[in-house]
Each structure stands twice: as C-alpha cells, then as structure tokens.
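Trainee: Okay, handing you the structure first.
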Amino acid sequence: MYVQALLLLVITFATTIALGIELGLLIGLGISVFLIIQHTAFPHIALLGRLPDTNKYRDIALFKEATTIPVRSPHTTHDTHDTTRHTIFADSNAWMRRA
C-alpha cells in the first residue's frame, strides 16, 4: 500500500515537472482514481484461523499454525424471504394509508 502511494507521488511529481502543473496533476489524479477502483473491485479477503493457546485470529495463509473453526451458516428458504418481503410491503402500505 505504501509502495503504491510512494510510486504515485513520484509519478505525479515527475510528470508535473516534465509536462506542467495541469497535466501532471491530471495524470496523478487519473492514476489515483484507477488505484481506488482497483482496490474496491479486488479487496483483500482473508480466511481467519485461531492461533493455538490464544484468543487471536490471523490469516491462515500467513500463519500455518492457525486452525479454522467450522461455522454453520443459517439456512433460509425462499418462502421465509418471500413472507418477509410481503410483510414489509404490507406494513409500508398500511403506514401510507394512515398518512
């Protein structure tokens, strides 16, 4: 992260000196926007594992001794989701009739 920021600073500085203030800052801004979009589109995702004999969790790719704990995800059916959706719409329609 810091390497990219330093590289952006050097590129912006060099292009500003070589090409002028407006074009140099525009190129720096364009690279900055590109980096923000890249970080947003491809975030770092880590699978965490618990370190032995501690309460600390770390990335299992970096800490080979970390062990994962199986977690069951809640199961929802389409009917439950559909009922919730209809309940929300029914409540909002009743509220709109009172107004």
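Trainee: Out of the residues in segment 26-53 that are without any contact (Cβ under 8 Å) to a residue 12 or more places away in the chain and small (G, A, S), which is nearest to T67 (Cα to Cα)?
Mentor: Narrowing segment 26-53 to residues without any contact (Cβ under 8 Å) to a residue 12 or more places away in the chain: 26, 29-30, 33-34, 36-45, 53.
Next, only the ones that are small (G, A, S) stay: 30, 41.
Working: G30: 42, A41: 29 Å.
It comes out as A41.
Trainee: Same structure again: Given the residues A61, A5, which is the only one that is surrounded by 10 or more Cβ atoms within 10 Å (Cβ to Cβ) and in a loop (DSSP other than H, G, I, E, B)?
Mentor: On the way: A5 fails: in a loop (DSSP other than H, G, I, E, B).
Residue meeting the stated conditions: A61.
All of the numbers you see were taken from the coordinates with simple rules; none came from a lab. None of the values given here were measured: they were computed from a predicted structure. Every residue, glycine among them, receives a Cβ derived from its backbone with ideal geometry; neighbour counts consider all protein chains shown.
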